[in-house]
Amino acid sequence: MKATRIFSAFFTVIMLLTLLTAAPPVFALESGWEIDYSDYDWTRLAGDNVTLNVYNWGEYMSLDGGDGEFDVNGEFEKLTGIKVNYTNFASNEELYAKLHSGGSTYDILIPSDYMIGRLIDEGLLEKLDFDNIPNFGNVFDIYKSPEYDPANEYSVPYLSGIIGIVYNTTLVDKDDDVETWDILWDEKYANNILMFSNSRDAFMISCFRLGYSPNTTDENELRAAAEELKKQKLLVQAYVMDEIYDKMGGGEAALAPYYNGDAAAMIADNPDLAFAIPREGTNHFVDAFCIPKGSKNKEAAEIYINFLCETLVALKNSQFVGYMTPVKTAYEALTPEQQANTMVYPSDEILKNTVTYTTLSPAAKNLIDSLWTEILSEVGASPWMTPVVLIAAVGISLWINIRRYVKKKTATN
Amino acid sequence: MTRKSRFLAAPYLVWLAIFTIIPLALIVVFAFTTTVTVDETGRIITAEELLSAEADGVVLGELTEKTVFTLDNITATSAYMPVMVRSIWLALIATVLCLVIGYPTAYLISRLTFSRQKMMLMLVMLPMWMNFLLRTYAWMTLLERNGWINKLLGLIGLGPFEMINTQGAVVLGMVYNYLPFMILPLYSIMTKIDNSVLEAAGDLGCNPIKTFSRVVWPLSLPGVATGITMVFVPAISTFIISRMLGGGTNMLIGDLIDLQFLGNAYNPNLGAAISLVLMAVILLCMSITNALDNEDMEGGALL
């Protein structure tokens, strides 16, 4: 016992010494990439045995899955001596539910625009110390001080993308106009349409189609949008999120709205697929780094954010997941062909025709939530149905059990 | 019950209190409360007022949130009665199908030699060695429009049939996943029916049909009751089967609850109210099945 303890102490000292003395100004990554790290003190927390809990979307970071890809978290651990505990979520709402119920401690969150605004409003985020994130200077000016974080105190953008329509060229008529949301309401494609199973994106589509803003809080407009979604339900094959890969890849459906980066991945798998951006307008989303209140490793988290804004790291992430990087130096490092890929980097003209989600007021959000539940489940019956059923069910159960009990008693007597 | 045996029950009682009674109480509390916005004077501000104030740019003063008692959640669940009815209906069909398939299977297994019984039981359990999600996912690829079943049928010139995203697919998923829960309790009760009992019935002049209706069936009732409960309860509250095989358009009560907690419509109060209704339905179902074997169910039943 004692011997191992001495050994491990000795080992730690050696580790520390190598880290402190040998940190070179140019840090050569194992995979052959070189970054100039001399202008930032990356190793200041190396000996503190810090573990950083990162909560990100699935398939949303360049990690080594055994195929020699650039491993962001591995490189970060090697560089800083800070451990990364990486977990995934599937939707902004899931992240919100996790955070709201407490009990779990994260140091880095990567939610989308409207959710960041909501978390700020509810006081669930920590203000960032931008002195620790000098690489924020690399970010394009248009991504600074966004509507969801007007003073830019809480977030640093990670990646961004837009929503369009993925369609199967063998199943959709060549003469049909796919650059409009109307095609998702075309009866010709009944039972061939997939739709978002999250309310915000579904309402966005319905609102744009009716000429409303996707950020509308007007009750009449929201109800009208919900009516249209109810009509669409008769044509929808299934409400999906990640299942879309399987279904579009296998030619199960003709049309589905989805995010451009994922669409690019689907097209790579199935060349029959194509992507169109509706001219009515669409959503431009930004996912950004935040630090939740109660994080015990705030400084380490800021070092992590700074690392992910490094030109090379941002470049690798953007190339791996197929979404736009807001880091200017990373964009400039792309090859001209990559910059010209309009699937990942839509033209300015298209981007001008997009709207970023704002945080809705709780009242408007509740209205959308209940309308959405109403759309997914047909609604009817008078409000007294449930109380009556509830009382009847409990009453009958009681009666049955009491009768049994009495019977048993009389039988034994 | 002696003092000692009561003492032995203590660990379970603690477990019961922490993980069953307290969560149940929390659900009841959630179901009957709601969070409202109030201004300084304590007046409740409705959602409509908030929306219109926001539209007009009016500031309503210092607003705070408060938890108050309400019956609104319970009455609000009435709107989802069609979902409730559909869940009960589909779970009922699945339970009946499980019984129809499981009963003869269990009887046949119970009449085999002991080593064969073991072997057959293992075969019944075999699908359960694989993860529940994977099993359901596999059905997705089988039933799809370009799936394996349609491909096979296409070879002999049939189809393609619309199988995925229908209620039939959901019932199939339930039957497939919960059939072992029907067979196992039935089997365990049927092995206790001695062959000599059946022979005696025959000697006393019963034909096979009468032997079944007057001997086997009454003796197996506790197993039937347990089997029905063990299939019906998970089937009525499932959400992953309906999402994967029903395509999200055949929503069940489980999906509705999931939607209120982890899904898009974050409303734990409504979710708790729906759970409460579901619990009442399950209670009713269990009471009825228990009444089924009320006469002499000394021993045998698993529940």
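Structure data summary
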| quantity | calculated |
| --- | --- |
| Fraction of beta bridges assigned by DSSP in the protein assembly as shown that are antiparallel (%, nearest 5) | 65 |
| Dipole magnitude of region B:3-74 about its Cα centre (Cβ charges: Lys, Arg +1; Asp, Glu -1), debye to nearest 20 | 1240 |
| Over 21 Å between alpha carbons, listed pairs A:K174/A:K231; B:K118/B:K192; A:K247/B:K151; A:K144/A:K352; A:K247/A:K316; A:K296/A:K316 | A:K174/A:K231; A:K247/A:K316; A:K296/A:K316 |
| DSSP H segments from chain A that extend 18 Å or more along their own axis, Cα-based, with Kyte-Doolittle mean of -0.5 or above | A:2-22, A:362-376, A:385-412 |
| Surface share of carbon and sulfur [accessible, 1.4 angstrom probe, percent] for region B:80-292 | 73 |
| Where only alpha carbons of chain A are counted, the Rg and the Dmax (Å) | 26.2, 93 |
| Highest-MSF residue in chain A out of A:G294, A:G102, A:G251 [GNM, Cα springs under 10 Å] | A:G102 |
| In region B:79-138, trypsin sites (Lys or Arg not before Pro) in a DSSP loop with at most 16 other beta-carbon atoms within 10 Å | B:R111 |
| Cα-based helix-to-principal-axis angle, B:47-56 vs chain B, degrees rounded to 10 | 40 |
| Only Lys, Arg (+1) and Asp, Glu (-1) charged, at Cβ; region A:298-412 dipole about Cα centre in debye | 1480 |
| Members of region B:261-286 that become less accessible by 20 Å² or more once partner protein chains are added (1.4 angstrom probe, chain alone as reference) | B:L262, B:N264, B:A265, B:Y266, B:V277, B:A280, B:L283, B:L284 |
| Eligible aspartates and glutamates near A:K230 by straight Cα distance, threshold 20 Å, same-chain separation 8 or greater | A:D182, A:D186, A:E187, A:D201, A:D218, A:E219, A:E221, A:D369, A:E374, A:E378, B:D255 |
| Å² of accessible area per residue within the protein assembly as shown, as computed with a 1.4 Å probe and no ligands counted | 49 |
| Candidates A:L376, A:L125, A:L229, ranked by Gaussian network fluctuation over chain A, Cα under 10 Å, top entry | A:L376 |
| CD proxy at 222 nm, helix term only [per DSSP H run n ≥ 4: -39500 (n - 2.57); per residue of chain B; nearest 500] | -20500 deg cm²/dmol |
| Shape box of the protein assembly as shown [Cα atoms, principal axes, largest first, Å] | 97, 76, 72 |
| Within chain B, longest stretch clear of exposed GluC sites (Glu not before Pro) (DSSP loop, no more than 16 other Cβ within 10 Å) | B:163-294 |
| Extreme residue, positive dipole direction of region A:161-284, given options A:A254, A:M241, A:N168 (C-beta unit charges) | A:M241 |
| Diffusion coefficient, µm² s⁻¹, Stokes-Einstein with Kirkwood Rh over alpha-carbon pairs of region B:3-74 at 37 °C and 0.692 mPa s | 209 |
| Solvent-accessible area, 1.4 Å probe, carbon plus sulfur percent, for chain A | 55 |
| Chain B: angle of helix B:81-110 to the longest principal axis, Cα-based, in degrees nearest 10 | 20 |
| Degrees separating the helix B:268-292 axis from the principal Cα axis of chain B, which is the longest one | 20 |
| Protein accessible surface hidden between A and B, which excludes ligands and nucleic acids, total in Å², probe 1.4 Å | 4300 |
| Debye log10 I(q)/I(0) at q = 0.17, 0.18 Å⁻¹ for region B:80-292, Cα point scatterers | -1.16, -1.23 |
| Cα centre as origin, Lys/Arg/Asp/Glu Cβ charges: the protein assembly as shown dipole, Debye | 4820 |
| GNM top mover of A:P134, A:P214, A:P111 - chain A, alpha-carbon springs below 10 Å | A:P134 |
| Cleavage-rule hits, trypsin sites (Lys or Arg not before Pro), region A:267-306, DSSP coil, Cβ neighbours within 10 Å at most 14 | A:R279, A:K293, A:K296 |
| Inter-part distance where region B:162-201 and region A:107-179 are each reduced to a Cα centre, Å | 51 |
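The values are calculated or read from the model by the stated rules, or taken from the named source; none is laboratory data. Keep in mind it's a predicted model, so treat the numbers as computed, not measured. Heads up, the Cβs are rebuilt from the backbone with ideal geometry, glycines too, and the neighbour counts pull from every protein chain shown. Note: areas computed on protein heavy atoms with side chains; ligands, DNA, RNA excluded. Shrake-Rupley method; radii C 1.70, N 1.55, O 1.52, S 1.80 Å.
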